[in-house]
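Report on the structure given below.
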Amino acid sequence: MREVSFIIEKRKFVIPGELLAEGDYNAGSNAFKEGNKVYSSMVGLSNNVGRNVYVVSLKGCYLPRAGDLVIGKVVEMRLGSWNVDINSPYTAILFTSEALDRPFNSRKEDMTQILDVGDLVLAQVISFDRARGPALTIRDSGLGRIVHGNIVKMTPTKIPRLIGRRGSMINMIKREIGCHITIGQNGLILVSGKKPALEALAIKIIRKIEEEAHTSGLTNRITEFIAKEKSGLNDEKSNE
């Protein structure tokens with residue numbers, strides 16, 4: 001009798017107890033095996049490497065929503081589009097029609113002159129469903145290839161703490177530090193300023209907020225922390 005063999009397609013949304021594979025397969029992370037069947041042990045996206053079947057947990061991950069501002073990295077270039085890593089289980093796609101305000105002529109133009117593999121981009125999610133993945137645009141003002149600044153990574157679920165109620169936290173940081181800070185909802189943050197020392201301080205503040213996001217009284221502590229750090233910078237400057 002022929003042995004039954006089955007494996008679920010990659011990047012399919014699964015729930016605990018859902019069958020992932022049957023036959024000669026191994027259970028990887030967030031999966032378990034009973035007999036010759038492999039099941040999911042949590043909500044996530046199915047995946048496999050060879051015969052190792054596992055689930056990418058969605059807990060704490062960034063799940064795209066239309067309208068989100070994101071920072072991503074171009075990881076692949078195809079005819080008429082780029083694949084962009086947006087720090088999510090889902091790879092985003094950016095079509096040339098959403099990168100230019102005019103038609104793209106593939107016979108006469110080189111896509112690498114617009115964006116190349118390895119480039120960082122500030123983009124907006126225009127649509128998303130789990131079947132097709134997120135689609136991006138960089139046509140709006142202020143969007144496009146990132147040419148300067150530092151990228152800081154933060155747990156996406158802690159981004160609201162960095163923003164604060166009605167933008168109170170991030171606006172206070174910008175006002176006190178004098179740096180330009182662009183927050184991607186996907187947990188990537190662009191920091192740029194006129195002075196490296198102030199950029200470094202802004203990054204230090206972001207790290208502190210991430211570490212203490214679960215605590216109360218954070219705004220007051222960050223205000224005091226900024227005052228102390230700025231005082232230290234002024235002392236260093238006066239001693240030069």
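The values are calculated or read from the model by the stated rules, or taken from the named source; none is laboratory data. Keep in mind that this is a model prediction, so the values were computed, not measured. Backbone-built Cβ (ideal geometry, glycine too); neighbour counts: all protein chains shown.
What about ASN87, is it under 14 Å from the mean Cα position of the chain (by Cα), under 27 Å from ILE159 (Cα atoms), part of a strand (DSSP E or B) and assigned by TED's automatic domain parsing to the domain that holds LEU136?
Details: under 14 Å from the mean Cα position of the chain (by Cα): yes; under 27 Å from ILE159 (Cα atoms): yes; part of a strand (DSSP E or B): no; assigned by TED's automatic domain parsing to the domain that holds LEU136: yes.
So ASN87 does not fit the description; no.
Only strands (runs of 3 or more DSSP E) whose full extent lies in the range 1-53 are considered here, and the ones with at least 3 residues that are free of Cβ contacts under 8 Å to residues at least 12 places away in the same chain, over 26 Å from ARG132 (Cβ atoms) and out of contact with any helix residue (DSSP H, G or I) (no Cβ under 8 Å at 6 or more places or on another chain) are 31-34. Would you mind stating whether GLY60 is in a loop (DSSP other than H, G, I, E, B), within 25 Å of ARG132 (Cβ to Cβ), within 25 Å of the chain's Cα centre (by Cα) and modelled with pLDDT of 90 or more? No: the conditions fail for GLY60.
Checked against the criterion of being more than 16 Å from GLY72 (Cβ to Cβ) and either at pLDDT 95 or above or outside the structural domain of LYS208 (by TED's automatic domain parsing) (or both), the candidates SER168, SER141 yield just one match: SER141.
Among residues of the range 173-196 being over 27 Å from PRO64 (Cβ atoms) and surrounded by 16 or more Cβ atoms within 10 Å (Cβ to Cβ), the one that is nearest to the chain's Cα centre (by Cα) is GLY193. The condition of being under 30 Å from ASP140 (Cβ atoms) and either of a type in the set (Lys, Arg) or not assigned by TED's automatic domain parsing to the domain that holds SER106 (or both) holds for only one of PRO16, PRO64, that being PRO64.
Looking at the structure I just gave you, is ILE151 within 16 Å of the chain's Cα centre (by Cα), among the hydrophobic types (A, V, I, L, M, F, W, C) and under 30 Å from ARG11 (Cα atoms)? Spelling it out, ILE151 is indeed within 16 Å of the chain's Cα centre (by Cα), among the hydrophobic types (A, V, I, L, M, F, W, C) and under 30 Å from ARG11 (Cα atoms). The number of residues in the range 159-187 that are farther than 17 Å from LYS208 by Cα and part of a helix (DSSP H, G or I) comes to 4.
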